[in-house]
Structures are given as structure tokens and as C-alpha cells.
Amino acid sequence: GFTCAAANEMEAERFQELAKVMKKKNVKLGEDQLSCLVKMVTLHGIPKDLDSYPKDLLLFLSPSDYAATGSCRQYFANIGKANLDVLHRESSQRKQLLLEALACLEIPGTQVDEENAEILGRLVCDLGGEYIRSSGGNLLKQLSQCEFFLPNQEEAIRRVISSGNTTFGPPVMWSAFTLNELSGLIPVFDHSILQKIPKNALSLWLKNFAHDSPLSREQLGTVVEELLPTRHKRADGCPPDKQITEVVLNDDLMPIYYTPEELHACLKNVSLENHLSQILTYPFSIQQLAVLKRNLDEKYPDGYPESLLPKLGPLITFITPEEVSRWNITSADVLAVLLKNEPLDDQASAILKRYLGLGNALNATALNAIGTKYVCLLNAAELNTIDSNSLKLASLNPSACSEVTKDILYAKAKRAFSDQHYLPAYYELIEPYLGGAPGVDLRALSKDNVNMKVSTLATLRRDSLLNLTLSEVQGLLGMNLRDLEKWQNKSPIREWVQMQKQSELDKLHVGLTGGTQEGYINIVMPKFQSPSSASLGTVAMTLHLLPTLLISFLMMLVLS
């Protein structure tokens, strides 16, 4: 719940105490919170006891900032244990950290030894494919902790694994324990690698270690697929030794016992309703999931009963909009369960259309189910049915939606939180909706010491931002003003900067360039649009005119 707005109410020394307590309590903070935290902690200079603060704080500092606390190796050893994903993968900040780490550890080429890999920790996740190939198996332990890989990294990992020249040996020699050590890399393995791993090792790993692995049900399904026969015989009926009993239904290794054809044959006389929620947590392959859906379709040719809808889980990906139109979605709770499965937009849109078509309200439960992921799918008529009070209990961020959506939701959010307008919490509540705020409301906020993030400033209505003065933007950003330089080349902030006098921008001392020089004027003109398009705002045109010629020209117009 820590916010930058609340931080302003504390003295610097007291704030540093708070930050140290955050480390002791292992508080997880987001990028914006950490960015604010580091500004407050270093307000009167860099502390000499940075190790007393949350490790993630170091992501926003440099080795030179850490010098009074320890060496650059110590700094990067801490960075390697920090939550690197706080920073976006492609951010310049994260790329700079990696470059500085390689320089500190004196790694001139692309080969990283085990000792340096240990120090780099999670920074290994950002090393390119050439580093992975050159370092052999030295990086595999750290790479298995990564949540995401680029294509060239995946290709390099497969090449290193396939070579067999690692401490883990070739895949044909692997055991369940080997798989457990490398479990984070299993989604990267292709068929050529998986087929070499002994099937008993895969089975044992699924049985004993899969529950604790970072892999999703879908990713485990690819492992199951490798354990099934490659040539599926057409089943003439359910084999006697594969009858689906209560014991089988309660066995989470059930998927490896049946080919898709066998599963279809053996499900014919089995009632799945009581076990559906449970078995859909098992790692069935895509083909097996399709069989489970076919079984339900055969049992309910006229559409699924409402009692079955909350149990569909991953089967939701096989559902068509036409099938959804036959469902009876009568409660927001059912809607919440359906959307929790993260259907594709066209499926989610059909589910929402059916829910609203049956006369259900967009109450707080429904809005939280829709969330930021699907709020942009709602049209103006649907948005206008929302009761403002429902937004008090909902968590939405429509910043990626159309101007119409943002305008409607801002007006409703403003009404919803009007009773808290003079409280410090008001800004935190209204901030996700500010993309629809008119200029007059932003001017009022600029006097409230809100410390707006520059990323929020960039999502404001174009016409609202371009009409803000330099002092008003300065008032909105507060302690985040220095971050404006990083965004000055991105629209619409670029256009706002171009409209300011460069001499005034220079007074901010934050490195902004591109403002209007003396002898220029800005003419702001509306950009014409088709009736169907969203407002594109205004564009700034800068004309370089000698003052004397401009005056003469204007006088001629007046006299003509």
C-alpha cells in the first residue's frame, strides 16, 4: 500500500527507517514504488548502509552509488538476487545494468565461468544466445530460474543441452533428479530433446517433482505428450485394463495412461461432472483436452447446464461464440470463474455479451472479473450501465482503451470517489482513470502534491496534456520531474515539450530539449478526423517568423 503521495508526509530520516523495515519484512514492491522509494531514501545523499535497504532498491542505483557500501562485485551479487523483473526486459535501465556487470566482472568475451554466473544470478536471463553457446553448461542453473526467453536464447539452450557437454550429461542419461534441477528449461526443450530423455525419468519426475516445478498445466501437457505412443491405434472400445475407475479419476498421472482415442472410448460410460474440476488440473495434452470436451458435447447436445460452466477450466479455449450463446450465465460469480480462465478476446466478448444480454448487471464482482484485461471490450452503452458506486470496489485500468471508454469511466470514477476528494488517498483511487480527465481537473491535481508518474502523464488525454502549462506539469510530477527526460521523445510528451519555451525548460534543470526558441511561435491546430475515429487531439506547428514580418502580416490582415 506504500505510495509516493503518502511519502511526502514523512521526514527523510523517518522514511529511511520505514524503508529498512520493508527489507526486514521482505515487502514486495513494484517498479513505481521502488522508483519513489529510491528518490526519498537518497534525498539528502546516498546512504552508506545500502545493504540495510531492500535489494530491489539497488536496481535503481549504480555501482558508483554503492561504492561507500561495498565493491561492484558485491553490488552485482545483490542485484543477481533481486527481482529483476521489476524492470521491463527491454528497458535501458536493465540493459545498462548488464553492461556494467560484465565490465565489473571483467568478462571481455562471451564466455562466462561458473563463479561469475553465480554472481550474475538473474542477470544471466538477459545474456544473449552467443553467451549461452560460448559458456556451455555454466549458465544452465541460473537460466532455469528465468521466466522468459528470447528465440535466440532458446535456440542456444537447445544446442548446449543437445551437445551433452555439460555437467548434466546427454539427455539419454538424465534421471528424474536431473529434470528437477533443469525444470525451468523444460518448456524450451523441443521434441528432439524430449524424446531422448528416458520415459521412466519423465514419469518419475511428473509423479514426484512436477507439483513443485514452475511449469504451468499446459507446459506439463507437452511432457505428457512425449510419454504417449506416437502412433495412436484406433480404439475399438475401452481396453479391459484401462477402465476409468474412481481410483483413476483421483490419480493426477491419469493423462499418461491413455492415448486420445483410448480416452474417448473409456469415457463413454463415465460421468465426469463430479470430477471435472479436479481432472482438469491434470496435465492433459491438447488432443486429450479436445476429447474431454467432445465427451461433454455428446452428453449435452443442447448446451451445457449452468452448474457445469464454472468447472470448464482449460476447456474454455475450445469453446466457440455460438456455443456461448446457448449458455445460461445468470450470476457475476459464474462470469468471474469463466473469465479467470483467460479466454481469447473473441470468446471473452461472447461471454460478456451473453451475460449482459440476460439482463445481468455490471456490479463490483463483474467488474473485478472483467478487470483491466477485458474492460476495453465493453462498448459505450454497456459502460454507461455501470453504477458509479460499483467502481469503489473494483480494480480497473482503462489506460489502453479508446478515448470514449476512458472518458466514460473517468466521469464515473470521479463521482464514485468524490467523497474522498480532499483525502490523500483520492489520487491513488482516481489515478488509473486519469486518461479521461479534462484539463481543468488536472490543473486542480497539480496543486495537490500528487507525484504523478511520467508513465501516467503519457496516457493523459492529448488535448488535456497539451493545454497544461509548464508549472502545472511540474506540479503534477513533483519528485518524478527528473524522469521526464527519459520520455521527452515519446508522444504526446514530445509535442508538449515542443510547445514550451526552451528558456523555461532550461530552468527545470532536468535535461529537456526541443522547446521553442526565441523568435518562434506555436500554432496549435485541430487534426480533422472521420466521425468513426477516436479523437487524435491536436498537433503543434512551429513557424519561424521574424517578429517584424509577423507584425506587418497581422496588420495587413486587420486593414484589409
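The values are calculated or read from the model by the stated rules, or taken from the named source; none is laboratory data. Please read these numbers as outputs of a predicted model, since none were measured by experiment. Cβ atoms come from the backbone with ideal geometry, glycine included; neighbour counts cover every protein chain shown. These area figures cover heavy atoms from the full protein model, side chains too; ligands, DNA and RNA do not enter into them. Shrake-Rupley method; radii C 1.70, N 1.55, O 1.52, S 1.80 Å.
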Is there a residue in segment 99-114 that is assigned to a helix (DSSP H, G or I) and within 25 Å of the chain's Cα centre (by Cα)?
yes
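Working carefully through the options 43, 50, 61, 34, find the one that is closer than 16 Å to residue 1 by Cβ and of a type in the set (A, V, I, L, M, F, W, C).
Values: 43 fails: closer than 16 Å to residue 1 by Cβ; 50 fails: closer than 16 Å to residue 1 by Cβ; 61 fails: closer than 16 Å to residue 1 by Cβ.
The unique qualifying residue is 34.
Given segment 341-405, what helices (runs of 4 or more DSSP H) lie entirely inside it while holding 1 or more residues that are closer than 21 Å to residue 430 by Cβ?
On the way: elements: 345-357, 364-374, 380-383.
In segment 341-405, the matching helices (runs of 4 or more DSSP H) lie at 364-374, 380-383.
Could we say that residue 319 is touching a helix residue (DSSP H, G or I) at 6+ places or on another chain (Cβ under 8 Å), over 30 Å from residue 203 (Cα atoms) and not small (Gly, Ala, Ser) here?
In short, yes.
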Within segment 405-426, is even one residue farther than 30 Å from residue 10 by Cα and exposed (fewer than 15 other Cβ atoms within 10 Å of the Cβ)?
no
Pair list, Cβ < 8 Å and 6+ apart or interchain, from segment 351-370 residues that are open to solvent by less than 30 Å² (accessible area, probe 1.4 Å) to residues that are charged (D, E, K, R) and not in a loop (DSSP other than H, G, I, E, B)
352/382; 362/382; 364/392; 369/340
Provide a single number: the residues in segment 170-218 that are under 19 Å from residue 145 (Cβ atoms), touching a residue at least 40 places away in the same chain (Cβ under 8 Å) and among the charged types (D, E, K, R).
1
Could you give every pair whose Cβ atoms fall below 9 Å, whose first residue belongs to segment 15-40 and is under 17 Å from residue 455 (Cα atoms), and whose second residue is open to solvent by 20 Å² or more (accessible area, probe 1.4 Å) and among the basic types (Lys, Arg), counting only separations of at least 6 or pairs across chains?
32/453; 35/453; 36/453; 39/482
List pairs: first residue in segment 494-507 and under 15 Å from residue 484 (Cα atoms), second residue open to solvent by less than 50 Å² (accessible area, probe 1.4 Å) and in a helix (DSSP H, G or I) anywhere in the structure, Cβ distance under 6 angstrom, at least six positions apart or on different chains.
496/465; 496/466; 500/470; 504/470
Is it fair to say residue 326 is of a type outside the set (Gly, Ala, Ser), in a loop (DSSP other than H, G, I, E, B) and either in contact (Cβ under 8 Å) with a residue 12 or more places away in the chain or within 30 Å of residue 261 (Cβ to Cβ) (or both)?
yes
Can you name the residue in segment 85-143 that is open to solvent by 40 Å² or more (accessible area, probe 1.4 Å) and among the hydrophobic types (A, V, I, L, M, F, W, C) and is also farthest from residue 60 (Cα to Cα) among such residues?
103
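Yes/no matrix, rows are residues, columns are (1) over 31 Å from the mean Cα position of the chain (by Cα); (2) in a loop (DSSP other than H, G, I, E, B); (3) surrounded by 14 or more Cβ atoms within 10 Å (Cβ to Cβ); (4) at pLDDT 95 or above:
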site: 483; (1), (2), (3), (4): no, no, yes, no
site: 508; (1), (2), (3), (4): yes, yes, yes, no
site: 518; (1), (2), (3), (4): yes, yes, no, no
site: 531; (1), (2), (3), (4): yes, yes, no, no
site: 535; (1), (2), (3), (4): no, yes, yes, no
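Report yes if residue 182 is open to solvent by less than 40 Å² (accessible area, probe 1.4 Å) and either under 22 Å from residue 138 (Cβ atoms) or assigned by the TED database to the domain that holds residue 289 (or both), otherwise no.
Details: open to solvent by less than 40 Å² (accessible area, probe 1.4 Å): yes; either under 22 Å from residue 138 (Cβ atoms) or assigned by the TED database to the domain that holds residue 289 (or both): yes.
When the stated conditions are applied, residue 182 passes them.
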